[in-house]
Structures are given as structure tokens and as C-alpha cells.
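Working notes, beginning with the structure itself.
The values are calculated or read from the model by the stated rules, or taken from the named source; none is laboratory data. From a predicted model like this one, the values you see are computed outputs, not experimental measurements. Heads up, the Cβs are rebuilt from the backbone with ideal geometry, glycines too, and the neighbour counts pull from every protein chain shown.
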Amino acid sequence: MNPVILKLKKKIKYRIDMSFLSNAYKDASKLSSQIISYGNKQFKVKELFSIKGSDIKNIIIKSSVDLMDNIGKGLNNINITVHGNVGYSFGEQMLSGKLILYGNALDYAASGIKGGSIFIYGNSGDYTGGKTNHGNIGIVDGFLYVKGNIGNNSIERMRRGNVIIEGNIGDYACNDMLSGTIIIKGKIGKIFAEGMKRGTIFTKDKKVVKEYARSNDAEYNFTKFYFKEISNVISKKIFLENKNLIRYYGNTNSSNLSEVFLFKL
Amino acid sequence: MIYNGIKIDNTFAEAFNMKASRIIVTADNLKWAKHACDSFTGFATSVIACGIEAGIEKQLKSSETPDNRPGYSILLFSMSRSQLEKQLEVRVGQCILTCPTTAIFSGMVGEDVIPLGKNLRYFGDGYQISKKIQDRRFWRIPVMDGEFLCEESTARVSAIGGGNFLVLSTNRKSCLSACETAINAIKNQPNIITPFPGGVVRSGSKVGSKYKALIASTNDAFCPTLKSITKSTLPANVNCVMEIVINGLTFDDINEAIKTSIQSISKMKIKKDIVAISAGNYGGKLGQYHFHLRKVMK
């Protein structure tokens, strides 16, 4: 079966709530006749989008624009690939499946995800992988990869899962982290990882480890394995070698059991 | 039936339903991975008294393991799920965790999961760290050489244990040599193990005993020293019998292994000393799987 391909029929000027894509449709015709709001009127999906293909579990959105919000919101066992930019709440509270974005995302992308994988091959706005815009829970589980930069207040209250940021990260990021693993290859903004309880952060920014005690230089079976697994997930070789890693574990704040691996590129 | 100069008896091997699991053990080098695996699979020859039957399935290159280090895959077989869980936990705790530089991973994917490091993590005394990658969870347990990395659970599948054949020979030297050749021929075959020492058994057993406390006793019908006083099945010129027991994940795996083994024996120069190839069974009433030697060798 061919994937369902959605393409805007004309340029839009109002925001569209795209969360209808996350519903479980029996077939593509049900999706076509779904009623959605646009401006102050209601339309069928097929009136705004041209729809091809029949595999409802694999959706491709072409010519996406940043007025399209909530793509992949609460997604469950569906794969969506988006070409172009997206609006707010991309993949918010996703449960399972795969979201791939070849473009940039606005705020709240991947916020509060509970499973699945999100790949953003562009930049992402504030609250990326953070708390949802109506709740207080960050990433519960899942996988987030961002090739570009992400904004402020990102990856707050993370509980589980894996986040890889190839670019820079904004201010107030990774605060109140409960657990999980984060790799940040770029620069880090101010106020980082405050109130962290557990979890692992890989970074090259030395200011992060100011309050930590240097651990040991022993070999880490875990890192070798972890980078191989992550490389498989993102289909790209992760750069780190054990010899370039220094582990910091033990914080001046005794309730902080998190660890930081400092790396040199 | 004569197969390439060797007589194949018209009999069958009787095998049983078992539960199996596969684990992958890695270490900084093969030497320490082997130490761990030898220790793990030691005293795991027969479910009669060992709880499980286990053996090294194959050696793995660095590129074949989850953490890019050399290692081995081990197959474990047990009659029940609870025994498999118990033995796996105890053996990983005492033999793999204790061995320097090792790590352990699940070697199988399936819906029926059994704990691997799930309970072992408490050895970390609160300092253990959990890592979840996609749907798999791992535990990092601090130990004196760094960290012991173990996967939380592994899968369990239905399997077959007790596939076998007997080598009947005129002398012990030829019999042992034939068995060694057979074991060498199947040592790289995936999905099977030969759990006994060196893959060969000399104490084939029958069900029951004249002593009430024993559930199994010597298979007197195949003991050359008892030929003259018991109802022996051995021809007059047989002076030594050895058995190769093969456990496998599927019927075809065992079938293939038996065939390859007998073929390798039939190519040996000493095959003139091999009187026949036979098989062990219990009349066909106990085991769910029957490997008819003549069908296998067709």
C-alpha cells in the first residue's frame, strides 16, 4: 500500500489544527471526509488538502507551513513524515510511532511525549521536549532527535527517554530533570539543569560540571553500548569515544544523583 | 540402511518440549568472555540435576555484539519457565556479574519475557542506574572494575531438548574420535547446543531404577560390559557406545545437526570401526518429537 500523501491545495492564512491526523481511521476515505475548522468555518479535509494513497498508518505531508499546529499530537502507532515547517505542539504527548520533520518547528514540539520517536531535521522553538502548554509533565518516555538548535525552557521535567540535540540549546533548559539521557553537541544557554534529581547528560560545556565531583576514568561499558544503539536509531554515527569522556558524578546538592559526561570533540 | 558405509539403525531419537532463552555475554577480550561463559555453562549438562541445560552457541565478533566488544552467545534450556528464570538469575549473578569487564544482553526478541537483570540490579544498593533505549531497559550496576551493564529482561521461546544419536564402535578410541569429529562439524551451527562435556555423553540413561530414590539409571541395554547378563541391544562386536545430545530451538535445527554430524563421521577413515549409528528413546511415549534416523539421513 502506498502512504497517504497530503498536500495543501492553496496557500492558507489561518492556523489549522492538524491533530485529526492522529485519529485511527479505517481508511483514507474516512480521513478525507473528516470535518476540520479553518478560520471561522468548517471544511472537509479533502477540501483543503489533496489526498493520495491508502496506507493510513503512513502519512506524508508535503508543503507544510508553520500555520499547521498539533501535527502528531497524541500520535499512536502511526508514522508521519513532514516536508516543510510546522506550527506549535508538533508531536505533543505522542504515545508511539514515528514523526519525521524536514523543516523547523515552533514551540512545544515533542513536549510531554510518552513514547515513539521524533526526528526534527531543522530547528525547534521554546519548550521543545519540555512541559506541555497545559500541564506540568515533560518527556515521560520516547526518543527525540533535533539536528538544529532548540529554544528556551526545553527538556524540562524529563523523566525517561533519550534526547539528542546536535545544535545549541537555549536558556533554562533541562531543569527539574528526574531521569533520562540527553546528548547536547552544541552550546548551552544560561541556568541549565537546575533541580536535577537523576539522569545523564553528555555535554562539552564545562560550566555544567562546576558543582559536580569528578568521578573516575574507568572504562564505561555503558557509553560504548549506548552510542552504538543511538547511532542505529538515528542512522548516523555518534562521535564519542570513551577516551574523550570524563565522568562527573556526585553533586554538592546531596539529593542530586545525576551524572554528567564531559566530552571533547 | 547403509549411509556412506555406515549402518544406520532403524530407530529414532526421542526429544522433549523445553523452554529456551539466549543471552549474549561480552567482555573486553574473548579470554574473559570465555571465562564467564565457561563458568555460566558449567554444571548445566542435564535437567535431571542441574536445573537447566546450557552451552555456548557460538563465538561473536565485536561487530556482532551490542557493545562492540567480543563475546559469546549462550543458549539455555529448561523444562519449566520458573526453573529457567531461577537458574538464569542465579547463574548471571554468580558467574557473569562476578567476572571482570563483562556485560550481558538479551539475545532474543519475543513477547514472552523473563527477568535477566531485573532483580540483579538490587546488588547496586541504590546506586544502580536505569537506562531505557527504545523499548529495551538496561541496568548499570556499579562494581569494582567500573560498571556491570545488563539488560533487564530476555525473551523465552519454546524449544526442543534431547535430540540425540549413539555411536556404536568396536573400540573406545575410534568412538571418541568419531564423536569429536561430529561435534566439530556442528559447533558453528546456530540455534543448537550440545550441553554435555565436550558435547559427548558416556552415561546414557534410562527412566527409573531398581532403587526407589533414583529417577534415572544407567542404560544397561547399551552398556557393553553388561552384554552377557542383560537384555542388550548391542551387536557382539560393539565394545564402546557414546551419545551426542543436541538441544535446539526448532525441529529442523536438530534434524540438520544430526544429519551433519553423521555425515562428518561417514567421511572419516576410522569409519570401519563404527558398527552402527543408533539413537536413544523411551519407546516413543514420553517425548513429543521423534527424529527417525533413516528419515533424517535421506
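Taking region B:42-75 as the region of interest, how many residues are under 22 Å from B:Ala216 (Cα atoms) and either surrounded by 15 or more Cβ atoms within 10 Å (Cβ to Cβ) or among the aliphatic types (A, V, I, L, M) (or both)?
Adding up the residues that qualify gives 11.
Output the residue which, of all residues in region A:232-241 that are at pLDDT below 80 and surrounded by fewer than 16 Cβ atoms within 10 Å (Cβ to Cβ), is nearest to A:Gly161 (Cα to Cα).
A:Phe239
Specify the residue that is farthest from A:Phe227 (Cα to Cα); the eligible residues are those in region B:132-147 that are aliphatic (A, V, I, L, M) and either without any contact (Cβ under 8 Å) to a residue 24 or more places away in the chain or facing chain A (nearest Cβ under 7 Å) (or both). Outline the logic, then answer.
Kept after step one, since they are aliphatic (A, V, I, L, M), are these residues of region B:132-147: B:133, B:141, B:143-144.
Going one step further and asking which of them are either without any contact (Cβ under 8 Å) to a residue 24 or more places away in the chain or facing chain A (nearest Cβ under 7 Å) (or both), we end up with B:133, B:144.
Working: B:Ile133: 11, B:Met144: 23 Å.
In this case the residue turns out to be B:Met144.
State whether one or more residues within region B:168-185 are within 14 Å of chain A (Cβ to nearest Cβ) and polar (S, T, N, Q).
Looking through region B:168-185, none of the residues is within 14 Å of chain A (Cβ to nearest Cβ) and polar (S, T, N, Q).
Could you tell me whether region A:191-212 includes any residue that is closer than 22 Å to A:Gly161 by Cα and modelled with pLDDT under 85?
No; the residues of region A:191-212 include none that is closer than 22 Å to A:Gly161 by Cα and modelled with pLDDT under 85.
Filtering region B:105-131 down to residues that are free of Cβ contacts under 8 Å to residues at least 40 places away in the same chain and among the polar types (S, T, N, Q), which residue is nearest to A:Arg160 (Cα to Cα)?
Within region B:105-131, the match that is nearest to A:Arg160 (Cα to Cα) is B:Ser130.
Answer yes or no as to whether A:Gly129 is at negative phi, away from chain B (no Cβ under 14 Å) and modelled with pLDDT of 95 or more.
No, not satisfied.
List, please: which pairs have Cβ atoms under 6 Å, are six or more places apart or on different chains, and start with a residue in region B:154-179 that is of a type in the set (Lys, Arg) and end with one that is not in a strand (DSSP E or B)?
Within 6 Å, the pairs are B:Arg156/B:Asp112.
Identify the residue in region A:174-195 that is within 14 Å of chain B (Cβ to nearest Cβ) and among the aliphatic types (A, V, I, L, M) and, among all such residues, is surrounded by the fewest Cβ atoms within 10 Å (Cβ to Cβ). Spell out the reasoning first.
Start the filter on region A:174-195 by keeping residues that are within 14 Å of chain B (Cβ to nearest Cβ), which leaves A:177-183.
Now drop any that are not among the aliphatic types (A, V, I, L, M), which leaves A:177-178, A:182-183.
Working: A:Met177: 26, A:Leu178: 18, A:Ile182: 26, A:Ile183: 22.
Once the filter is applied, the top-ranked residue is A:Leu178.
What number of residues in region A:95-138 are assigned to a strand (DSSP E or B) and hydroxyl-bearing (Ser, Thr, Tyr)? Give the derivation first.
From region A:95-138, those assigned to a strand (DSSP E or B) are A:97-102, A:105, A:117-120, A:124; that's our starting set.
Add one more test, that the residue is hydroxyl-bearing (Ser, Thr, Tyr), and what stays is A:102, A:117, A:124.
Final tally of qualifying residues: 3.
Can you name the residue in region B:111-131 that is surrounded by fewer than 18 Cβ atoms within 10 Å (Cβ to Cβ), of a type outside the set (Asp, Glu) and within 20 Å of A:Gly115 (Cβ to Cβ) and, of all such residues, is farthest from the other protein chains (Cβ to nearest Cβ)?
Only one residue fits best here, namely B:Val113.
Can you say whether A:Ala193 is touching a helix residue (DSSP H, G or I) at 6+ places or on another chain (Cβ under 7 Å), of a type in the set (A, V, I, L, M) and not in a strand (DSSP E or B), as far as the supplied structure shows?
So A:Ala193 fits the description; yes.
List the strands (runs of 3 or more DSSP E) that sit entirely inside region A:1-73 and contain at least 1 residues that are within 20 Å of the chain's Cα centre (by Cα). Talk me through it step by step, then tell me what you get.
Values: elements: A:3-8, A:35-38, A:41-44, A:49-52, A:55-64.
Counting at least 1 such residues, we get A:55-64.
Could you tell me whether region B:193-201 includes any residue that is within 14 Å of another protein chain (Cβ to nearest Cβ), β-branched (Val, Ile, Thr) and assigned to a loop (DSSP other than H, G, I, E, B)?
For region B:193-201, residues within 14 Å of another protein chain (Cβ to nearest Cβ), β-branched (Val, Ile, Thr) and assigned to a loop (DSSP other than H, G, I, E, B): absent.
I'd like to know if region A:82-105 contains one or more residues that are touching an Asp or Glu at 6+ places or on another chain (Cβ under 6 Å), surrounded by 19 or more Cβ atoms within 10 Å (Cβ to Cβ), among the charged types (D, E, K, R) and under 22 Å from A:Arg157 (Cα atoms).
No, region A:82-105 contains no residue that is touching an Asp or Glu at 6+ places or on another chain (Cβ under 6 Å), surrounded by 19 or more Cβ atoms within 10 Å (Cβ to Cβ), among the charged types (D, E, K, R) and under 22 Å from A:Arg157 (Cα atoms).
Given the criteria crowded, with 18+ Cβ neighbours inside 10 Å and under 24 Å from A:Ile120 (Cα atoms), does A:Lys62 qualify? First the steps, then the outcome.
On the way: crowded, with 18+ Cβ neighbours inside 10 Å: no; under 24 Å from A:Ile120 (Cα atoms): yes.
Considered against the rule, which asks whether it is crowded, with 18+ Cβ neighbours inside 10 Å and under 24 Å from A:Ile120 (Cα atoms), A:Lys62 comes out as no.
In region B:62-94, which residue that is in a loop (DSSP other than H, G, I, E, B) and more than 14 Å from chain A (Cβ to nearest Cβ) is farthest from the chain's Cα centre (by Cα)?
To start, the set of residues in region B:62-94 that are in a loop (DSSP other than H, G, I, E, B) comprises B:65-70, B:79-80.
After this cut, where a residue has to be more than 14 Å from chain A (Cβ to nearest Cβ) as well, the list is B:79-80.
On the way: B:Met79: 13, B:Ser80: 16 Å.
Among residues in region B:62-94 that are in a loop (DSSP other than H, G, I, E, B) and more than 14 Å from chain A (Cβ to nearest Cβ), the one farthest from the chain's Cα centre (by Cα) is B:Ser80.
On the basis of being surrounded by 21 or more Cβ atoms within 10 Å (Cβ to Cβ) and either within 21 Å of B:Phe196 (Cα to Cα) or touching a residue at least 12 places away in the same chain (Cβ under 8 Å) (or both), does B:Ile258 make the cut? Lay out the reasoning, then the answer.
Details: surrounded by 21 or more Cβ atoms within 10 Å (Cβ to Cβ): yes; either within 21 Å of B:Phe196 (Cα to Cα) or touching a residue at least 12 places away in the same chain (Cβ under 8 Å) (or both): yes.
When the stated conditions are applied, B:Ile258 passes them.
Among the residues of region B:283-298, is there at least one that is closer than 22 Å to B:Pro190 by Cβ and assigned to a helix (DSSP H, G or I)?
Checking region B:283-298: at least one residue is closer than 22 Å to B:Pro190 by Cβ and assigned to a helix (DSSP H, G or I).
Could you check, for region A:131-138, whether at least one of its residues is crowded, with 24+ Cβ neighbours inside 10 Å, in contact with an Asp or Glu (Cβ under 8 Å, 6 or more places away or on another chain) and not β-branched (Val, Ile, Thr)?
yes
Specify the residue that is farthest from the other protein chains (Cβ to nearest Cβ); the eligible residues are those in region A:217-231 that are surrounded by fewer than 20 Cβ atoms within 10 Å (Cβ to Cβ) and modelled with pLDDT of 85 or more.
A:Ser231
Output the residues belonging to region A:196-216 that are buried (at least 23 other Cβ atoms within 10 Å of the Cβ), among the aliphatic types (A, V, I, L, M) and touching a strand residue (DSSP E or B) at 6+ places or on another chain (Cβ under 7 Å).
Selection gives A:Ile201 alone.
Can you work out which of the residues in region B:12-42 that are aliphatic (A, V, I, L, M) and outside any strand (DSSP E or B) is nearest to the other protein chains (Cβ to nearest Cβ)? Spell out the reasoning first.
Here is the first cut: in region B:12-42, the residues aliphatic (A, V, I, L, M) are B:13, B:15, B:18, B:20, B:23-25, B:27, B:30, B:33, B:36.
When the remaining residues are screened for being outside any strand (DSSP E or B), the result is B:27, B:30, B:33, B:36.
Values: B:Ala27: 9, B:Leu30: 16, B:Ala33: 12, B:Ala36: 13 Å.
Looking at the filtered set, the residue picked out is B:Ala27.
Return the pair list, or none, for Cβ contacts closer than 6 Å from residues in region A:176-199 that are farther than 14 Å from A:Tyr145 by Cβ to residues that are of a type in the set (Ser, Thr, Tyr), at least 6 apart or on different chains.
A:Ile191/A:Tyr172; A:Met196/A:Ser258; A:Arg198/A:Ser179; A:Arg198/A:Ser258; A:Gly199/A:Ser179; A:Gly199/A:Ser258
If we scan region A:158-173, do we find a residue that is within 14 Å of chain B (Cβ to nearest Cβ), more than 25 Å from A:Ile137 (Cα to Cα), in contact (Cβ under 8 Å) with a residue 24 or more places away in the chain and not in a strand (DSSP E or B)?
No; the residues of region A:158-173 include none that is within 14 Å of chain B (Cβ to nearest Cβ), more than 25 Å from A:Ile137 (Cα to Cα), in contact (Cβ under 8 Å) with a residue 24 or more places away in the chain and not in a strand (DSSP E or B).
Do we find that B:Val167 is touching an Asp or Glu at 6+ places or on another chain (Cβ under 8 Å) and either among the charged types (D, E, K, R) or surrounded by fewer than 18 Cβ atoms within 10 Å (Cβ to Cβ) (or both) in this structure?
Details: touching an Asp or Glu at 6+ places or on another chain (Cβ under 8 Å): yes; either among the charged types (D, E, K, R) or surrounded by fewer than 18 Cβ atoms within 10 Å (Cβ to Cβ) (or both): no.
When the stated conditions are applied, B:Val167 does not pass them.
Spot the failing condition for A:Tyr145; the list is (1) in a loop (DSSP other than H, G, I, E, B); (2) surrounded by fewer than 23 Cβ atoms within 10 Å (Cβ to Cβ), and only one is missed.
(1)
State yes or no: is B:Ile104 closer than 14 Å to B:Leu30 by Cβ, among the β-branched types (Val, Ile, Thr) and in a strand (DSSP E or B)?
No, not satisfied.
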